[in-house]
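What follows is a single structure, written as structure tokens, with notes after it.
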Amino acid sequence: MSRITTALVVPELNGKFEMREVYLDDIRPDEVLVEIHASGLCHTDLSSASGVLPCEPNAVLGHEGAGVVLAAGSAATHVRPGDKVLLSFSHCETCGPCTSGHPAYCHSFNDRNFGGRRPDGTPSMFMSPPEGQQENEETTKQTAAAAALKGGVVTNGEKSREGGMFSAFFGQSSFARHTLVHRSTVVRVAPETDLALFAPLGCGIQTGAGAVLNSLGVRRGSSVAVFGVGSVGMAAVMAAAKIAGASTVIAVDLVDARLQLARKLGATHGVLGSDPDVVGRIRAICPPVGVDYAVDCTGVPAVIRTMIDCLGTRGRGATVGAPGFGKCVSVDVMEHLTYGKEYVGCVEGDSFPSKFIPYLMDVHAKGQFPMDEFISYYDFEDYDKAIEDTHSGKVIKAVLKWR
């Protein structure tokens, strides 16, 4: 069977999206068919659409999906039709990192999440219908009518087809009304869950929070600097101040309005990134040499170097922003050595989504993680406006509503 659905497609790697009809492949045993209700818009999607990160023309992106299960393959036993689910990243579930609780470092992470294909190399979405389905106008009308009666399922035609798309992005490609997702991406949530609110937990927000709580292990009473307070950085600020109990949380950004919001969410200080002496400002707040922990959410090499320089004795810093491959950062080796500094990379907040996402939902319910303060909602048809507002910085986190 093949399902016709509507998706946001990237025809060329120029950052532009178009609304098109696409065809879903048959569901596999390790997959779940999900009706998408909401999808978070992440800078990773925009970077991929522009070719900064690995992508191909005719791509369906989206990796912060939330929706309702319509069908589950025989090997996807943890969900059933009717379940509400949040979607995160894909992982193999069998390699060393996966079995030791660190699936964000799955040995096949890049292929599964940026490869544009399922683990077996096949696409999950197609531009053309199955072979044997005639493309004359009358047949198209009959097919559409039959699909409507069957909830969008097309049953005529052979399984083989052409026009495979760059799909299965992060195991989900959730910029679509319906999508096939790998079981490892699926986190079942309670029936009363606000899917639009929590959709961004699938990537950006769990990344910021996880960098603080999992990768760095921020201690109560310590000091933390967060560089770049978009949605990832705001999540890091909240996690540091309201969950970990850091006594000093410094937000660094180029936009003063964001620094003000960061203060509202728990930051104790704000430093403009345009200040010619950011390191000096931070060292003055946390004398004599800097902070205990720092998180870079920008991926900009110059900012990463500043972050490393502001670390105090035995300070630990992490980068979560993705600059694209080939970018390098230089460090003063002797300063790094004599102060015992550590600098680590962090993917997806080193989280185990099926455990960490429910945890973040729980702390939100307790008032410790007010992510609703920086989320803005758009009808999916207003995707151009959502992208424009994201690029301009008018909104911090845009969520597309499909229902």
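FYI, it's all coordinate maths here, none of it is from the lab. Keep in mind the model is a prediction, meaning the values are calculated, not measured. Glycine gets a Cβ as well: all are built from the backbone with ideal geometry, and neighbour counts include every protein chain shown.
Here the gap between residue 362 and residue 344, fully extended at 0.36 nm per residue and compared with their Cα-Cα distance, gives a gain of 3.7 nm.
Report the semi-axes of the equivalent ellipsoid for the stretch 208-347 in whole Å, largest first, where each axis is √(5λ) for an eigenvalue λ of the Cα gyration tensor.
19, 16, 15
If I take every Cα pair under 8 Å that is 6 or more residues apart in the stretch 62-127, average their sequence separation and divide by the length, what percent do I get for the relative contact order?
Working: 77 pairs, mean separation 13.7, N = 66.
RCO, the stretch 62-127: 21 percent.
Restricting the stretch 315-354 to chymotrypsin sites (Phe, Trp or Tyr not before Pro) that sit in a DSSP loop and have at most 13 other Cβ atoms within 10 Å of their own Cβ leaves 325. Which entries of 242/385; 84/394; 84/397 have Cα-Cα distances beyond 24 Å here? Beyond 24 Å between Cα atoms: 242/385; 84/394. Taking Cα atoms only, the orientation of helix 353-365 departs from the longest principal axis of the chain by about 70 degrees. Using C-alpha pairs below 8 Å separated by at least 6 residues, the relative contact order for the stretch 208-347 is 22 percent. Rounded to the nearest 500, the helix-only mean residue ellipticity at 222 nm of the chain stands at -7000 deg cm²/dmol, with each DSSP H run of n ≥ 4 adding -39,500 (n - 2.57). Working from Cα pairs under 8 Å separated by at least six residues, relative contact order for the chain is 17 percent. Where Lys and Arg each count +1 and Asp and Glu each count -1, what net charge lies around residue 84 among other residues with Cβ under 10 Å from its Cβ? Neighbour charge sum, excluding residue 84 itself: -2.
Taking the highest mean first, how do the peptides 245-256, 266-277 order by number of other beta carbon atoms within 10 angstrom per residue?
Values: 245-256: 21.2, 266-277: 16.5.
Order by mean packing, descending: 245-256, 266-277.
Look at where the Cα atoms of the stretch 230-297 and of the stretch 173-219 average out, and the two centres are 24 Å apart. The eigenvalues of the Cα gyration tensor, multiplied by 5 and square-rooted, give the stretch 156-266 an equivalent ellipsoid with semi-axes of 37, 15, 13 Å from largest to smallest.
On the beta carbon distance between residue 13 and residue 127, with R0 = 22 Å, the FRET formula returns roughly 0.85.
Work out how much length residue 74 to residue 94 would gain on full extension: take 0.36 nm times their residue separation and subtract the Cα-Cα distance, in nm to one decimal. It would help to have the intermediate numbers written out before the result.
Working: separation 20, 0.36 × 20 = 7.20 nm, distance 1.82 nm.
Stretched fully, the residue 74-residue 94 segment lengthens by 5.4 nm.
Once you have a ≥ b ≥ c as the square roots of the Cα gyration tensor eigenvalues for the stretch 1-134, tell me rounded if a/c is under 1.5, and otherwise prolate or oblate according to whether a/b is larger than b/c. Since a/c reaches 1.5 but b/c is at least a/b, the shape of the stretch 1-134 is classed as oblate.
Just the number, please: percent antiparallel of the DSSP beta bridges in the chain, rounded to the nearest 5. Kindly include the intermediate steps, with their values, before the conclusion.
Details: 37 of 65 bridges.
So the antiparallel bridges in the chain amount to around 55 percent.
Count Lys and Arg as plus one, Asp and Glu as minus one, and take only other residues whose Cβ is under 12 Å from that of residue 344; the net charge is then -1.
Evaluate Rg over Rh across the chain, taking Cα atoms for both radii and Kirkwood's formula for Rh.
Using only Cα positions, Rg/Rh for the chain is 1.01.
The length gained by stretching the chain between residue 272 and residue 391 to full extension, at 0.36 nm per residue less their Cα-Cα distance, is 40.9 nm. Rounded to the nearest 20 debye, the dipole magnitude of the stretch 233-277 is 300 debye, with +1 charges on Lys and Arg beta carbons, -1 on Asp and Glu beta carbons, and the Cα centre as origin.
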